[in-house]
Amino acid sequence: MNIVETKLKDCYIIEPKVFGDSRGYFFESFHLKKFTEVTGLAINFVQDNQSSSSYGVIRGLHFQKGVHAQAKLVRVLSGRVIDVAVDLRPDSDTFGQYEAVELSAENKKQLFVPRGFAHGFSVLSETAEFSYKCDNYYNKESESGIRYNDPGLAIDWGINNGDEIISEKDQDLPFLKEFNKSIYG
């Protein structure tokens, strides 16, 4: 397993070593000891989630506030997505910057999104099955987000103009300039 730090501190791309033969393939998707040795981060995943979406769906940019903040390890089981993490940590040198990576069933890459980040993805294939581990339990009262089409971020979601499928809730999220930096304090 290769663990690569992105330009955003504590945000990592995990590239598994895949062993394939005529029967199929095998890979280790996560190894806590290796992850901790490379990153220095102590993680304890407590909840797994999975979603299914069709082409053009953009989910996000979501996060949990305060004591309910979540770190996530995300991957694609089938299909292909652009996965995005936005640094919302008030004291971070990379506050307001994002990392985008293509995750697919073929490349088997994963993205580790630390606490204090917003997260979202867009579906590039006909459909995609998306899976993620969380280090804290979901709390409805703590959910929040940043608008997917924030002009200050200018994220290229890889979706043809007019083909975006956005939930009503996600269309009403605030822009980054309206973000209350104190929500993590």
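The values are calculated or read from the model by the stated rules, or taken from the named source; none is laboratory data. Note that the coordinates shown come from a computational prediction; the quantities given were computed from them, not determined experimentally. Note: ideal-geometry Cβ built from the backbone for every residue, glycine included; neighbour counts use all protein chains shown.
A compact table of results
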item	result
Neighbours by Cβ (under 6 Å, 6+ apart or cross-chain): first from the range 95-107, more than 17 Å from residue 119 (Cα to Cα); second modelled with pLDDT of 95 or more	105/76; 105/78
Test: residue in the range 77-87 that is in a loop (DSSP other than H, G, I, E, B) and touching a residue at least 60 places away in the same chain (Cβ under 8 Å)	no
Conditions (1) in contact with a helix residue (DSSP H, G or I) (Cβ under 8 Å, 6 or more places away or on another chain); (2) touching a residue at least 60 places away in the same chain (Cβ under 8 Å); number of the one not met by residue 53	(1)
Residue list for the range 59-92, filter: among the charged types (D, E, K, R) and either under 21 Å from residue 29 (Cβ atoms) or at pLDDT 95 or above (or both)	59, 72, 75, 80, 83, 87
All positions within the range 142-154 that are out of contact with any helix residue (DSSP H, G or I) (no Cβ under 8 Å at 6 or more places or on another chain) and outside any loop (DSSP other than H, G, I, E, B)	143
Any chance residue 38 is within 13 Å of the chain's Cα centre (by Cα) and closer than 18 Å to residue 133 by Cβ	no
Search result, residues across the range 156-176 that are in contact (Cβ under 8 Å) with a residue 60 or more places away in the chain, touching a Gly at 6+ places or on another chain (Cβ under 8 Å) and surrounded by 13 or more Cβ atoms within 10 Å (Cβ to Cβ)	159, 164, 165, 170, 173, 176
Matching residues, the range 1-39, being touching a strand residue (DSSP E or B) at 6+ places or on another chain (Cβ under 6 Å) and either exposed (fewer than 11 other Cβ atoms within 10 Å of the Cβ) or part of a strand (DSSP E or B) (or both)	2, 3, 4, 5, 12, 13, 14, 15, 19, 26
Residue that is farthest from residue 88 (Cα to Cα) [pool: residues in the range 6-28 that are of a type in the set (D, E, K, R) and in contact with a Ser or Thr (Cβ under 9 Å, 6 or more places away or on another chain)]	7
Any hit, the range 44-55, residues being modelled with pLDDT of 95 or more, over 28 Å from residue 124 (Cα atoms) and among the aliphatic types (A, V, I, L, M)	yes
Residues satisfying the stated conditions in the range 114-144, i.e. closer than 15 Å to residue 83 by Cα, among the small types (Gly, Ala, Ser) and either surrounded by fewer than 18 Cβ atoms within 10 Å (Cβ to Cβ) or modelled with pLDDT under 95 (or both)	125, 131
Matching residues, the range 43-53, being loosely packed, with under 10 Cβ neighbours inside 10 Å and assigned to a loop (DSSP other than H, G, I, E, B)	44
Qualifying position, being in contact with a Phe, Trp or Tyr (Cβ under 6 Å, 6 or more places away or on another chain) and within 23 Å of residue 43 (Cα to Cα), among 150, 135	135
Condition met for residue 107 (under 22 Å from residue 2 (Cβ atoms), of a type in the set (S, T, N, Q) and outside any strand (DSSP E or B))	yes
